[in-house]
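The values are calculated or read from the model by the stated rules, or taken from the named source; none is laboratory data. In this text, all values refer to a predicted model and were calculated from it rather than measured experimentally. Because the Cβ atoms are built from the backbone with ideal geometry, glycine has one as well, and the counts that use them run over all protein chains shown.
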Amino acid sequence: MNLKRLPLHWKIIIGMVFGVLLGFLMSNFGQFGKDLISDWIKPFGTIFINALKLIAIPLILASLIKGISDLKDISKLSRMGGITVTTYLITTVIAVSVGLAIVNIIKPGNSISEDTRIELLNAYEDDADKKREAAAETKNSGPLQPIIDIVPSNIINAATDNKNMLQIIFFSILFGISMILIPEKKSKPLKDFFNSLNEVILKIIDLIMSFAPYGVFALLATLIVEAPKWDLLKSLLLYSITLILGLFLLIIIYTIVVRVLLNKSPNFFFNGILPAQLVAFSTSSSAATLPVTMDRVHNNLNVRKEVSSFVLPIGATINMDGTAVYQAIAAVFIAQTFGLDLSVTAQLGIIVTATLASIGAAAVPSAGIIVLVIVLAQAGIPEAGLALIFAVDRPLDMCRTVVNITGDATVSMIVDKFVSKK
């Protein structure tokens with residue numbers, strides 16, 4: 001078999017399998033095996049993630065400005081923006097609702113033992129304190145602070161940190177609109193520049209993705225050797241199953257939307273998006289996966305570039321369906337472990353808070369966990385319970401990110417269909 005001719009997603013899968021096998025093998029050698037992976041394998045995973053993050057802001061700048069300037073029609077841009085934000089809001093509400101339904105049926109928090117609870121609280125209390133402090137800063141800010149955070153005071157400074165993605169998107173939209181509003185003759189040199197820049201960045205993505213099988217190999221091997229002890233994982237197995245089931249139900253909903261609303265076969269959709277899902281699983285970062293997502297959605301799902309370059313960068317920052325499911329399930333799970341019975345009103349409050357907080361989470365470091373602190377506070381759930389879920393958060397975060405980018409791809413197809421109707 002000629003490995004060079006294998007499709008990219010098969011190469012990535014092979015890398016993942018060998019990474020898991022090496023991780024389990026080295027786990028049998030105690031500290032020596034862990035040090036070996038940490039010193040000689042993990043750096044290649046870090047390099048891969050850094051390379052993806054490196055290209056994220058240039059990609060958004062080039063593709064978003066190019067996509068908007070290609071529209072030549074402000075009304076079309078307004079229509080696209082309205083459909084995009086509305087659809088993202090709807091999918092987030094659905095995601096939180098799915099999470100609440102599944103966690104109330106399975107009740108995973110009723111199964112954890114008192115000894116395991118105390119051990120986890122002691123082990124992860126320091127991490128929980130840090131997240132609570134970061135969340136307190138977010139929670140104590142004014143109601144319009146998320147809007148203030150979108151508008152940068154210095155675009156050069158904003159471009160130095162991937163956490164400022166919404167600020168980059170704001171600037172790119174403003175720049176692209178301004179290009180439409182000036183005479184075409186004057187905007188043409190800039191347009192040619194961004195067209196060329198976009199092509200160069202896409203070629204850089206191709207080069208980075210050729211390294212993807214080795215990057216995910218390193219990431220998975222590292223995850224296995226750094227995983228918490230199995231006896232703790234067993235205690236939280238039901239919680240993990242509940243969350244994975246909720247995420248799977250959301251994938252089914254996407255499949256139904258693709259089949260019924262978009263009249264596309266599920267095979268077409270998942271074959272098109274699979275490499276992006278695998279990268280998302282390995283990196284746990286929607287922003288890092290964005291270059292791959294944009295490439296697959298445009299070239300394999302046949303979404304027009306002007307749509308994908310507008311919808312996907314916004315989705316990578318404000319659309320966190322997998323994270324929304326997680327917030328609902330984790331909040332109720334923690335309440336159940338403390339013996340709290342949440343009222344219908346409290347759970348409706350979780351839907352509202354998780355939806356709004358997810359959209360404003362882009363400017364917040366460690367968004368998923370910190371937004372969860374805000375959700376817990378709103379529902380009156382002890383924030384110390386965060387420590388209960390830290391042990392299994394990393395592998396579950398990988399699954400959440402897959403759902404996040406799958407939701408982004410689905411919404412981009414929806415927007416492409418309805419915008420093209422005009």
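A few remarks follow.
- Residue list for segment 48-75, restricted to those being part of a helix (DSSP H, G or I) and either small (Gly, Ala, Ser) or loosely packed, with under 15 Cβ neighbours inside 10 Å (or both): ASN50, ALA51, ALA56, ALA62, SER63, GLY67, SER69, ILE74, SER75
- Single unsatisfied condition, SER75 versus (1) out of contact with any helix residue (DSSP H, G or I) (no Cβ under 8 Å at 6 or more places or on another chain); (2) modelled with pLDDT of 70 or more; (3) more than 30 Å from VAL419 (Cα to Cα): (3)
- Just one of the numbered conditions (1) surrounded by 14 or more Cβ atoms within 10 Å (Cβ to Cβ); (2) out of contact with any Ser or Thr (no Cβ under 7 Å at 6 or more places or on another chain); (3) not acidic (Asp, Glu) is not true of ILE105: (1).
- Candidate set from segment 40-54 (those that are at pLDDT 90 or above and aromatic (Phe, Trp, Tyr)); member that is farthest from THR289 (Cα to Cα): TRP40
- Output for segment 284-301, where each listed residue is buried (at least 18 other Cβ atoms within 10 Å of the Cβ) and either over 19 Å from PRO58 (Cα atoms) or of a type in the set (Asp, Glu) (or both): SER284, ASP295, LEU301
- Any hit, segment 358-375, residues being part of a helix (DSSP H, G or I), at pLDDT 80 or above and more than 26 Å from PHE338 (Cα to Cα): no
- Yes/no for ILE37 being modelled with pLDDT under 90, surrounded by 16 or more Cβ atoms within 10 Å (Cβ to Cβ) and part of a helix (DSSP H, G or I): no
- Helices (runs of 4 or more DSSP H) wholly inside segment 216-327 containing at least 3 residues that are modelled with pLDDT of 85 or more: 237-256, 266-283, 286-299, 305-318
- Selection count where residues are touching a residue at least 60 places away in the same chain (Cβ under 8 Å) and more than 27 Å from the chain's Cα centre (by Cα), scope segment 25-45: 4
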